[in-house]
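The numbers here are math on the coordinates, done by the rules we state, and not lab data. Predicted model, so just to flag it, every value in this text is computed and none were measured. Ideal geometry is used to build each Cβ from the backbone, glycine not excepted, and the neighbour counts take in all protein chains shown.
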């Protein structure tokens, strides 16, 4: 028997009541038991195609053997110790990350999640500049910690304690940005080159280069939030690198960084000092997390998954961008938003339940979001294409 007490679901077994999970997520009745590549199987052995990657987390594919082996070997030797000792695997990870991102002159701070990365970036920007205001943009999502929520454009996520007149959430308008910067109090501008939750909105080259210029002009820092768009998803290592030739002051990352093992990070431009005690974390950069992260980088490189993401993105665009019932196709690599001329909630639910395909939604109700593992195959995308065309026709007929 299931009881409800406030926001809690309580499972009752005879005379025993046991603790259950806090009821905050709308759940599909699917229980994945195992996964490989871009496929999952539930407890009954039913196969699902994963085009969502658990919120863009699965980068190199579920249960990749090199990733599994790296974690197993590290856990068998030393799973964890704190950052009070030298950790050689951290340095190995930093060197490989610098090489693959072409940012070898930057410093790396390791943490556990995207929200934590953004929180530390905002904090570091304020300490470095001595300023206390921030600029963010409508449609952005930067996490659920205090400062990260304050710069997120979603009032449903802000508690009274998050409300602040220190944050300016603007349209993507350079004149408006400069007007706010002119007060001399803005510590940083934070932006996603490609929004995730915001429906795959891609910042223009001119806008990103304009932000870079204005931040330098007024003594503010530019924070590039690459939590969802990083690690090859857009067909470049970081999303901004596929759009503009700029050098952000701070770059935040997580999600695809660990392929499912919790790890986040902050890349820091060499002009910004790293002072002892300014940033800190208990679990961030632990031995197992770094082993998982290093394995991700090695697979991205050895299997050419970044260039493959670019190729598969072009394949999707060619197939979907000209369909009459699509309002707009937006995408970089395998970070894709398909905006329909009707709400896609029904399509997403039907695909999950009937066609056994995981897709994502976004803050834009008409936009279907695709964030598959970068190892996705053309045949698997064709499976989605077939289901997509059928479901689109069904939804159009039902609304006429």
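Things worth noting here:
- Normalising the average separation of contacting C-alpha pairs (under 8 angstrom, six or more residues apart) by the number of residues puts the relative contact order of the chain at 21 percent.
- Shape category assigned to region 201-301 from the gyration tensor of Cα positions, a/c cut at 1.5: oblate
- Sequence-separation-based contact order of region 276-370, relative, with Cα cut under 8 Å and 6+ spacing, percent: 18 percent
- Region 179-231 and region 356-381 have their alpha-carbon centroids 26 Å apart.
- Ordering 67, 315 from the fewest to the most neighbouring beta carbons within 10 Å gives 315, 67.
- With each label modelled as a point 7 angstrom along the Cα→C-beta vector, the residue 311-residue 390 pair spans 2.9 nm.
- Cα-Cα separations in region 250-400 greater than 23 Å, expressed as whole percent: 50 percent
- For the peptides 117-127, 251-261, residues were scored by their other Cβ atoms within 10 Å and the scores averaged per peptide; the highest-first order is 251-261, 117-127.
- Ranked list, fewest to most other Cβ atoms within 10 Å of each Cβ, for 194, 68: 68, 194
- Per-residue Cβ neighbour counts within 10 Å put 25, 329, 240 in the sequence 25, 329, 240, beginning with the fewest.
- Antiparallel DSSP beta bridges within the chain, as percent of all bridges there, nearest 5: 70 percent
- Tensor-based shape of the chain (alpha-carbon gyration tensor, a/c under 1.5 rounded, otherwise prolate or oblate): rounded
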